[in-house]
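The values are calculated or read from the model by the stated rules, or taken from the named source; none is laboratory data. As the structure is a prediction and not an experimental result, all values here were calculated from the model. Don't worry about glycine lacking a Cβ; one is built from the backbone with ideal geometry, like all the others, and counts go over all protein chains shown. In case anyone asks, the SASA skips ligands and DNA or RNA and just uses the protein heavy atoms, side chains included. Shrake-Rupley method; radii C 1.70, N 1.55, O 1.52, S 1.80 Å.
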Amino acid sequence: MADSLPLGLTWAAFWLHLLGERIAVRRTGRPRDKLARRRAMAFYAGLLAIVLSIVPPIETLSKQLLWAHMIQHVLLLSVAAPLIVLGAPWMSLWRPLPLGMRRTLARGFAKSPRLTPLRWLCHEISRPVTALILYSVNLLAWHIPAVYDLALRNTDVHALEHLSFIGFGILLWAQVIDSPPLRPKLSYPGRIVLLGAAMLPNIALSMVLAFSRSALYPFYAQLAHRPGGISAIFDQQIAAGIMWSAGDLPFAIAIAILATRWMSGFEKEEERAAELAVLAADGPAPAQEIALTGAVPPNRLGLT
(Lines give C-alpha, C1' and ligand atoms only; values in the text may rest on other atoms or scores of the structure.)
Protein backbone atom coordinates (compact mmCIF):
# COMPACT_ATOMS: atom_id res chain seq x y z
CA MET A 1 0.00 0.00 0.00
CA ALA A 2 1.35 3.39 -1.02
CA ASP A 3 0.60 4.98 2.32
CA SER A 4 1.71 2.18 4.65
CA LEU A 5 3.77 4.61 6.76
CA PRO A 6 0.92 7.09 7.45
CA LEU A 7 -1.44 4.16 8.03
CA GLY A 8 0.99 2.51 10.47
CA LEU A 9 1.51 5.76 12.37
CA THR A 10 -2.25 6.29 12.52
CA TRP A 11 -2.88 2.88 14.08
CA ALA A 12 0.03 3.36 16.48
CA ALA A 13 -1.43 6.72 17.58
CA PHE A 14 -4.85 5.13 18.09
CA TRP A 15 -3.61 2.32 20.34
CA LEU A 16 -1.22 4.58 22.22
CA HIS A 17 -4.02 7.05 22.93
CA LEU A 18 -6.40 4.28 23.96
CA LEU A 19 -3.80 2.95 26.39
CA GLY A 20 -3.19 6.47 27.73
CA GLU A 21 -6.89 6.93 28.43
CA ARG A 22 -7.06 3.61 30.28
CA ILE A 23 -4.05 4.56 32.39
CA ALA A 24 -5.76 7.85 33.31
CA VAL A 25 -8.89 5.95 34.43
CA ARG A 26 -6.81 3.52 36.48
CA ARG A 27 -4.85 6.30 38.19
CA THR A 28 -7.85 8.45 39.06
CA GLY A 29 -10.15 5.57 39.93
CA ARG A 30 -13.07 7.10 38.02
CA PRO A 31 -14.26 7.22 34.40
CA ARG A 32 -13.14 10.01 32.11
CA ASP A 33 -15.38 13.08 32.26
CA LYS A 34 -17.58 14.21 29.39
CA LEU A 35 -15.04 16.71 28.06
CA ALA A 36 -12.28 14.10 27.95
CA ARG A 37 -14.59 11.64 26.17
CA ARG A 38 -15.63 14.25 23.60
CA ARG A 39 -12.00 15.08 22.94
CA ALA A 40 -11.15 11.40 22.54
CA MET A 41 -13.98 10.99 20.02
CA ALA A 42 -12.74 14.01 18.05
CA PHE A 43 -9.24 12.53 17.96
CA TYR A 44 -10.48 9.13 16.81
CA ALA A 45 -12.62 10.81 14.16
CA GLY A 46 -9.51 12.61 12.90
CA LEU A 47 -7.63 9.32 12.71
CA LEU A 48 -10.57 7.76 10.88
CA ALA A 49 -10.44 10.56 8.31
CA ILE A 50 -6.78 9.73 7.69
CA VAL A 51 -7.54 6.04 7.25
CA LEU A 52 -10.43 6.71 4.87
CA SER A 53 -8.21 8.94 2.75
CA ILE A 54 -5.42 6.41 2.24
CA VAL A 55 -7.25 3.10 1.77
CA PRO A 56 -9.48 1.88 -1.07
CA PRO A 57 -11.68 3.00 -2.66
CA ILE A 58 -10.35 6.57 -2.40
CA GLU A 59 -6.69 5.51 -2.67
CA THR A 60 -7.42 3.38 -5.75
CA LEU A 61 -9.50 6.07 -7.44
CA SER A 62 -6.85 8.72 -6.69
CA LYS A 63 -4.63 7.11 -9.33
CA GLN A 64 -7.38 7.43 -11.91
CA LEU A 65 -9.21 10.64 -11.04
CA LEU A 66 -7.85 13.99 -9.96
CA TRP A 67 -11.02 14.77 -8.00
CA ALA A 68 -10.56 11.60 -5.91
CA HIS A 69 -6.99 12.63 -5.13
CA MET A 70 -8.32 16.02 -4.11
CA ILE A 71 -10.70 14.34 -1.66
CA GLN A 72 -7.63 12.81 -0.03
CA HIS A 73 -6.09 16.24 0.42
CA VAL A 74 -9.29 17.73 1.83
CA LEU A 75 -9.68 14.88 4.33
CA LEU A 76 -6.10 15.29 5.56
CA LEU A 77 -5.85 19.10 5.65
CA SER A 78 -9.37 20.25 6.46
CA VAL A 79 -10.90 17.32 8.35
CA ALA A 80 -8.24 15.18 10.05
CA ALA A 81 -5.94 18.02 11.16
CA PRO A 82 -8.56 20.18 12.98
CA LEU A 83 -10.19 17.12 14.56
CA ILE A 84 -6.85 15.92 15.93
CA VAL A 85 -6.13 19.35 17.40
CA LEU A 86 -9.65 19.53 18.83
CA GLY A 87 -9.08 16.13 20.41
CA ALA A 88 -6.06 17.41 22.40
CA PRO A 89 -4.45 13.94 22.45
CA TRP A 90 -0.98 15.04 23.57
CA MET A 91 -1.04 13.93 27.22
CA SER A 92 -2.78 10.64 26.42
CA LEU A 93 -0.14 9.88 23.78
CA TRP A 94 2.63 10.79 26.24
CA ARG A 95 1.25 8.96 29.29
CA PRO A 96 1.86 5.33 28.18
CA LEU A 97 5.60 5.86 27.68
CA PRO A 98 7.80 4.51 30.51
CA LEU A 99 8.35 7.03 33.30
CA GLY A 100 12.12 6.92 32.91
CA MET A 101 11.86 7.60 29.20
CA ARG A 102 9.49 10.51 29.75
CA ARG A 103 11.79 12.08 32.32
CA THR A 104 14.85 11.63 30.11
CA LEU A 105 13.14 13.07 27.06
CA ALA A 106 11.62 16.01 28.94
CA ARG A 107 14.86 16.84 30.76
CA GLY A 108 16.94 16.50 27.61
CA PHE A 109 14.65 18.69 25.53
CA ALA A 110 14.41 21.37 28.22
CA LYS A 111 18.05 21.55 29.31
CA SER A 112 20.40 19.82 26.85
CA PRO A 113 22.75 22.35 25.15
CA ARG A 114 22.89 20.11 22.10
CA LEU A 115 19.14 20.52 21.61
CA THR A 116 19.21 24.32 21.71
CA PRO A 117 18.75 24.57 17.92
CA LEU A 118 15.77 22.20 18.14
CA ARG A 119 14.18 24.26 20.93
CA TRP A 120 14.68 27.40 18.85
CA LEU A 121 13.15 25.72 15.80
CA CYS A 122 10.10 24.53 17.78
CA HIS A 123 9.62 28.04 19.17
CA GLU A 124 9.84 29.62 15.74
CA ILE A 125 7.49 27.28 13.90
CA SER A 126 4.93 27.63 16.69
CA ARG A 127 4.53 31.32 15.86
CA PRO A 128 1.18 31.95 14.11
CA VAL A 129 2.67 33.75 11.11
CA THR A 130 5.34 31.07 10.65
CA ALA A 131 2.73 28.33 10.88
CA LEU A 132 0.64 30.10 8.24
CA ILE A 133 3.60 30.47 5.89
CA LEU A 134 4.67 26.84 6.28
CA TYR A 135 1.12 25.61 5.74
CA SER A 136 0.62 27.75 2.64
CA VAL A 137 4.00 27.02 1.06
CA ASN A 138 3.55 23.29 1.68
CA LEU A 139 0.10 23.34 0.07
CA LEU A 140 1.24 25.30 -2.97
CA ALA A 141 4.46 23.32 -3.45
CA TRP A 142 2.72 19.95 -3.58
CA HIS A 143 0.34 21.25 -6.28
CA ILE A 144 3.11 22.24 -8.68
CA PRO A 145 2.49 19.90 -11.65
CA ALA A 146 5.97 18.30 -11.62
CA VAL A 147 5.85 17.70 -7.86
CA TYR A 148 2.23 16.51 -7.98
CA ASP A 149 3.06 13.97 -10.68
CA LEU A 150 6.15 12.80 -8.79
CA ALA A 151 4.01 12.06 -5.73
CA LEU A 152 1.66 9.99 -7.90
CA ARG A 153 4.49 7.98 -9.45
CA ASN A 154 6.65 7.49 -6.33
CA THR A 155 5.04 5.85 -3.28
CA ASP A 156 7.63 7.25 -0.86
CA VAL A 157 7.05 10.80 -2.07
CA HIS A 158 3.29 10.19 -1.90
CA ALA A 159 3.58 9.14 1.75
CA LEU A 160 5.73 12.19 2.50
CA GLU A 161 3.13 14.43 0.87
CA HIS A 162 0.36 13.08 3.09
CA LEU A 163 2.47 13.24 6.25
CA SER A 164 3.34 16.87 5.51
CA PHE A 165 -0.34 17.72 4.98
CA ILE A 166 -1.21 16.22 8.36
CA GLY A 167 1.76 17.79 10.16
CA PHE A 168 1.47 21.31 8.80
CA GLY A 169 -2.31 21.12 9.06
CA ILE A 170 -2.04 20.34 12.77
CA LEU A 171 0.49 23.16 13.16
CA LEU A 172 -1.93 25.67 11.60
CA TRP A 173 -5.06 24.54 13.44
CA ALA A 174 -3.21 24.57 16.76
CA GLN A 175 -3.01 28.35 16.35
CA VAL A 176 -6.80 28.71 16.50
CA ILE A 177 -8.16 25.76 18.53
CA ASP A 178 -7.55 25.23 22.25
CA SER A 179 -5.72 21.92 22.55
CA PRO A 180 -4.55 21.53 26.19
CA PRO A 181 -1.85 21.84 27.27
CA LEU A 182 -1.31 23.88 24.09
CA ARG A 183 -3.01 27.27 23.97
CA PRO A 184 -3.33 29.60 20.96
CA LYS A 185 -1.40 32.85 21.31
CA LEU A 186 -3.85 34.84 19.19
CA SER A 187 -7.00 36.67 20.24
CA TYR A 188 -10.27 35.75 18.54
CA PRO A 189 -9.86 38.46 15.86
CA GLY A 190 -6.32 37.25 15.22
CA ARG A 191 -7.48 33.67 14.81
CA ILE A 192 -10.17 34.75 12.36
CA VAL A 193 -7.63 36.68 10.28
CA LEU A 194 -5.24 33.71 10.32
CA LEU A 195 -7.89 31.30 9.06
CA GLY A 196 -9.01 33.77 6.41
CA ALA A 197 -5.41 34.08 5.20
CA ALA A 198 -5.02 30.28 5.20
CA MET A 199 -8.01 30.00 2.86
CA LEU A 200 -6.42 32.18 0.18
CA PRO A 201 -3.92 29.63 -1.24
CA ASN A 202 -6.69 27.04 -1.43
CA ILE A 203 -8.98 29.47 -3.26
CA ALA A 204 -6.18 30.49 -5.64
CA LEU A 205 -5.36 26.87 -6.51
CA SER A 206 -9.05 26.10 -7.01
CA MET A 207 -9.42 29.00 -9.43
CA VAL A 208 -6.35 27.94 -11.40
CA LEU A 209 -7.70 24.40 -11.74
CA ALA A 210 -11.23 25.55 -12.56
CA PHE A 211 -10.39 28.10 -15.23
CA SER A 212 -7.39 26.46 -16.88
CA ARG A 213 -8.02 25.62 -20.54
CA SER A 214 -5.78 22.56 -20.43
CA ALA A 215 -5.13 19.66 -18.07
CA LEU A 216 -2.36 20.79 -15.72
CA TYR A 217 -1.19 17.39 -14.48
CA PRO A 218 0.36 15.12 -17.15
CA PHE A 219 -0.22 12.00 -15.03
CA TYR A 220 -4.00 12.40 -15.39
CA ALA A 221 -3.96 13.98 -18.86
CA GLN A 222 -2.13 10.94 -20.29
CA LEU A 223 -4.56 8.36 -18.90
CA ALA A 224 -6.22 6.43 -21.71
CA HIS A 225 -9.38 5.91 -19.67
CA ARG A 226 -11.01 7.47 -16.61
CA PRO A 227 -13.92 6.01 -14.63
CA GLY A 228 -17.17 7.37 -16.01
CA GLY A 229 -15.49 8.30 -19.29
CA ILE A 230 -15.05 11.93 -18.25
CA SER A 231 -12.45 14.14 -19.88
CA ALA A 232 -9.27 15.30 -18.13
CA ILE A 233 -10.55 18.88 -18.12
CA PHE A 234 -13.89 17.95 -16.56
CA ASP A 235 -12.07 15.82 -13.98
CA GLN A 236 -9.91 18.83 -13.13
CA GLN A 237 -12.94 21.11 -12.81
CA ILE A 238 -14.64 18.69 -10.42
CA ALA A 239 -11.44 18.61 -8.37
CA ALA A 240 -11.44 22.41 -8.27
CA GLY A 241 -15.02 22.44 -7.00
CA ILE A 242 -14.20 19.93 -4.25
CA MET A 243 -11.10 21.86 -3.25
CA TRP A 244 -12.94 25.19 -3.17
CA SER A 245 -16.12 24.08 -1.40
CA ALA A 246 -15.25 21.14 0.83
CA GLY A 247 -11.71 22.38 1.43
CA ASP A 248 -12.82 25.78 2.70
CA LEU A 249 -15.98 24.68 4.54
CA PRO A 250 -14.22 23.72 7.83
CA PHE A 251 -12.40 27.06 7.77
CA ALA A 252 -15.68 28.93 7.30
CA ILE A 253 -17.31 26.97 10.15
CA ALA A 254 -14.35 27.70 12.44
CA ILE A 255 -14.45 31.40 11.56
CA ALA A 256 -18.18 31.53 12.35
CA ILE A 257 -17.63 29.85 15.75
CA LEU A 258 -14.73 32.18 16.59
CA ALA A 259 -16.75 35.24 15.56
CA THR A 260 -19.66 34.10 17.74
CA ARG A 261 -17.39 33.65 20.76
CA TRP A 262 -15.76 37.01 20.11
CA MET A 263 -19.13 38.77 20.00
CA SER A 264 -20.26 36.88 23.12
CA GLY A 265 -17.22 38.27 24.89
CA PHE A 266 -18.25 41.79 23.86
CA GLU A 267 -21.76 41.23 25.20
CA LYS A 268 -20.44 40.00 28.55
CA GLU A 269 -18.17 43.03 28.84
CA GLU A 270 -21.08 45.35 28.08
CA GLU A 271 -23.26 43.60 30.69
CA ARG A 272 -20.55 43.91 33.29
CA ALA A 273 -20.03 47.58 32.43
CA ALA A 274 -23.77 48.19 32.85
CA GLU A 275 -23.73 46.40 36.22
CA LEU A 276 -20.79 48.53 37.36
CA ALA A 277 -22.63 51.68 36.30
CA VAL A 278 -25.71 50.69 38.33
CA LEU A 279 -23.64 49.82 41.39
CA ALA A 280 -21.60 53.00 41.10
CA ALA A 281 -24.83 54.98 41.33
CA ASP A 282 -25.56 53.31 44.70
CA GLY A 283 -22.15 54.09 46.14
CA PRO A 284 -18.45 53.49 45.58
CA ALA A 285 -18.01 50.43 47.82
CA PRO A 286 -20.13 47.94 45.81
CA ALA A 287 -18.60 49.13 42.54
CA GLN A 288 -15.12 48.59 43.95
CA GLU A 289 -16.18 45.12 45.15
CA ILE A 290 -17.33 43.93 41.73
CA ALA A 291 -14.34 45.49 39.99
CA LEU A 292 -11.99 43.53 42.24
CA THR A 293 -13.86 40.23 42.44
CA GLY A 294 -15.91 40.17 39.26
CA ALA A 295 -18.91 39.04 41.33
CA VAL A 296 -22.09 41.04 41.69
CA PRO A 297 -23.77 40.87 45.11
CA PRO A 298 -27.07 38.97 44.56
CA ASN A 299 -29.18 41.55 46.40
CA ARG A 300 -27.89 44.23 44.01
CA LEU A 301 -29.38 42.39 41.03
CA GLY A 302 -32.75 41.72 42.63
CA LEU A 303 -32.02 38.00 43.12
CA THR A 304 -32.83 38.02 46.87
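Observations on the structure shown:
- Of Arg38, Arg213, Arg26, the order by accessible heavy-atom surface (1.4 Å probe, DNA, RNA and ligands excluded), from most exposed downward, is Arg213, Arg26, Arg38.
- Using a probe of 1.4 Å on the protein chains alone, the accessible area found for Val193 is around 100 Å².
- One chain, two ends: Thr60 and Ala210. Fully extended at 0.36 nm per residue, the span grows by 51.7 nm beyond their Cα-Cα distance.
- Peptides 162-172, 195-205, 214-224 ranked from most to least packed give 162-172, 195-205, 214-224, packing being the mean of other C-beta atoms within 10 angstrom over each peptide's residues.
- Label-to-label distance, nm, for residues given as Ala259 and Leu140 (7 Å Cα→Cβ offset): 2.6 nm
- Rolling a 1.4 Å probe over the protein heavy atoms gives segment 144-252 an accessible area of 46 Å² per residue.
- Histogram of C-alpha separations across segment 63-155, 10 Å bin width, %: 12, 28, 31, 23, 6, 0
- Stretchable slack from Leu182 to Met101, in nm (0.36 nm times residue separation minus alpha-carbon distance): 27.0 nm
- Excluding ligands, DNA and RNA, the accessible surface per residue across segment 52-124 is 51 Å² with a 1.4 Å probe.
- For segment 113-206: rounded, prolate or oblate by the Cα gyration tensor [a/c cutoff 1.5]: oblate
- Most positive-pole-ward Cα, Ala210, Phe251, Leu150, against dipole of the chain from beta carbon charges: Leu150
- Radius of gyration and Dmax over the Cα atoms of the chain, both given in Å: 24.3, 84
- With all protein chains modelled, accessible area of Val147 [1.4 Å, Å²]: 50 Å²
- Taking the 1.4 Å solvent-accessible surface of the chain as the whole, the part contributed by carbon and sulfur is 69%.
- Spin-label pair Leu160-Val25: with each label point 7 Å from Cα along the Cα-Cβ axis, the two points sit 4.1 nm from one another.
- Averaging the sequence gap over all C-alpha pairs within less than 8 Å and six or more residues apart, then dividing by the number of residues, gives the chain a relative contact order of 20 percent.
- Hydrophobic, long helices, defined as DSSP H runs whose alpha-carbon span along the helix axis is 20 Å or greater and whose mean Kyte-Doolittle value is at least -1.0, occur in the chain at 4-28, 34-54, 128-142, 155-173, 188-211, 232-282.
- Here segment 196-244 is treated as a sphere whose radius is the Kirkwood value from Cα pairs; by Stokes-Einstein at 37 °C and 0.692 mPa s it diffuses with a coefficient of 288 µm²/s.
- Using heavy atoms of the protein chains and a probe of 1.4 Å, the accessible area assigned to His225 is about 130 Å².
- Estimated dipole of the chain in Debye, rounded to 20 [Cβ of Lys and Arg +1, of Asp and Glu -1, Cα centre]: 1340 debye
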